[in-house]
Structure formats: C-alpha cells, structure tokens
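The next block holds one structure in the form of structure tokens; read it before the comments.
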Amino acid sequence: QVQLVESGGGLVQAGGSLRLSCAASGRFVSFRTMSWYRQAPGKQRDLVAAITTFGTTAYAESVKGRFTISRDIAKNTVYLQMDSLKPEDTAVYYCNARLLNDVSWGQGTQVTVSS
C-alpha cells in the first residue's frame with residue numbers, strides 16, 4: 001500500500017476554483033492509477049476523475065469540462081484542478097491509489113461551495 005495525504009480543500013463561492021493535491025509515498029507509486037472520489041452527506045462515494053501511469057484520464061460526466069486531473073511523477077503528487085465550482089460539488093474529496101488489487105485511500109479533504 002501507499003500513504004496518501006490530501007490538501008487544498010476549503011470554502012469557495014459558486015463559480016470559483018480550487019486545486020486539490022494528493023501526495024503519495026510508498027512502493028510503486030508511479031505505476032498506480034490515481035483517482036479522486038467524492039462523498040456528499042448521505043450519499044455514496046463516487047468517482048470524480050482518474051489518471052493512469054500513461055497519463056490517460058477519465059472524468060465523471062458531471063465534472064467534464066470543469067475539472068482537470070494531472071500528476072507529477074517526479075513529486076509523486078496528483079492534482080485536481082476544479083473550476084466553475086457549483087454548490088453540488090460540495091463533498092469530502094478522497095484520493096485513491098490502485099495497483100491491481102492493492103487499493104489505498106487518503107483521509108479526505110472537505111470542499112464546500114456556497115451559492
């Protein structure tokens with residue numbers, strides 16, 4: 001497994017931007033698919049965006065065109081740039097690292113978007 005530490009959450013007004021960071025440490029970090037999930041109160045945890053070792057990305061339909069996932073292999077860090085934020089983006093955002101059946105989660109960072 002790897003250790004994941006998220007940062008960058010906070011309170012922002014609708015239409016604003018935030019950038020989340022996830023610093024990873026441990027074995028084979030660069031080989032892992034890195035993802036961001038989010039969980040709103042009373043709802044399930046859903047995939048927001050993912051990026052593979054080769055840089056291939058995928059996004060939930062609800063965030064396409066507004067969010068951008070990227071990774072810095074040298075720094076073992078994954079980012080989620082969130083633009084044009086909406087109140088419905090309010091949730092705890094979790095970083096996820098996966099390599100085959102080995103899955104790790106961060107502790108989460110709160111993102112609150114006010115209307």
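Mind pulling the per residue volume of the convex hull built on the Cα atoms of the chain? Å³ is fine. Each step should come with its number before you reach the end.
On the way: hull volume 10.7 nm³, N = 115.
Per residue, the Cα convex hull of the chain comes to 93 Å³.
Solvent exposure of the chain amounts to 54 Å² per residue of accessible area, where only protein heavy atoms count and the probe is 1.4 Å.
Legend: residues Phe28, Phe54, sorted from most to least accessible area (1.4 Å probe; ligands, DNA and RNA excluded), read Phe54, Phe28. Candidate cross-link partners of Lys64 among the aspartates and glutamates, defined by an alpha-carbon separation under 16 Å and a same-chain spacing of 8 or more, comprise Asp46, Asp83, Glu88, Asp89.
For the full complex of protein chains and a 1.4 angstrom probe, list Arg98, Arg32 by accessible area with the highest value first. All intermediate terms of the calculation are to be shown ahead of the outcome.
Values: Arg98 110, Arg32 5 Å².
Output order, biggest surface exposure first: Arg98, Arg32.
The portion of the accessible surface of the chain made up by carbon and sulfur, rounded to a whole percent, is 51 (1.4 Å probe; DNA, RNA and ligands excluded).
The values are calculated or read from the model by the stated rules, or taken from the named source; none is laboratory data. These figures come from a predicted structure and were not determined experimentally. The protein model used for the area step is the full one, side chains on, heavy atoms only, and it has no ligands, DNA or RNA in it. Shrake-Rupley method; radii C 1.70, N 1.55, O 1.52, S 1.80 Å.
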